[in-house]
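The values are calculated or read from the model by the stated rules, or taken from the named source; none is laboratory data. All values derive from a computational prediction rather than experimental measurement. Every residue, glycine as well, gets a Cβ built from its backbone with ideal geometry; the counts of neighbours run over all protein chains shown.
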Amino acid sequence: MIYLTYAILVLAWLFILFGMVAIFSLKNMYTRILTSATIDTVASFLVLIALMFVSGGFDFILRLIILILFLLITNPISSHVNIRSAYLTGIPISGKEGKA
């Protein structure tokens, strides 16, 4: 069971690593926000699932499930708020904002 936990944690780190590379390689601010929100959600889910495998009791697993449900609700809302505030402040969608 511990090897499954290690494999899930390594998968979470791979998601974070590839997400960081994708964030720096993308040109558009909005795709960067979308990528960071997706990577954050997937990696945190994987870490919480790995914690479920090594947790001791049912009450701790129930708390982790509630935390996963909380993340399912709040992460899309927070990325939407970030994208909307970037749009309202006038950041262009075209992806030419960083070029001189």
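So LEU26 ticks every box in (1) among the aliphatic types (A, V, I, L, M); (2) under 16 Å from the mean Cα position of the chain (by Cα); (3) modelled with pLDDT under 90 but one. Which box is left unticked?
(2)
Please find, within segment 1-25, the residue that is surrounded by the fewest Cβ atoms within 10 Å (Cβ to Cβ) out of those that are farther than 22 Å from ILE66 by Cα and among the β-branched types (Val, Ile, Thr).
Looking at residues that are farther than 22 Å from ILE66 by Cα and among the β-branched types (Val, Ile, Thr), I get ILE2.
Within the bounds of segment 26-47, is there any residue that is exposed (fewer than 13 other Cβ atoms within 10 Å of the Cβ) and farther than 17 Å from ILE66 by Cα?
yes
Is it true that ALA50 is surrounded by 16 or more Cβ atoms within 10 Å (Cβ to Cβ) and in contact with a Ser or Thr (Cβ under 6 Å, 6 or more places away or on another chain)?
Considered against the rule, which asks whether it is surrounded by 16 or more Cβ atoms within 10 Å (Cβ to Cβ) and in contact with a Ser or Thr (Cβ under 6 Å, 6 or more places away or on another chain), ALA50 comes out as yes.
Under 7 Å by Cβ, and 6 or more places apart or on different chains, what pairs join a residue from segment 45-66 that is in contact (Cβ under 8 Å) with a residue 40 or more places away in the chain with one that is surrounded by 12 or more Cβ atoms within 10 Å (Cβ to Cβ)?
Final answer for the pair search is ILE49/ILE8; ALA50/THR5; ALA50/ILE8; ALA50/LEU9; PHE53/LEU4; PHE53/THR5; VAL54/THR5.
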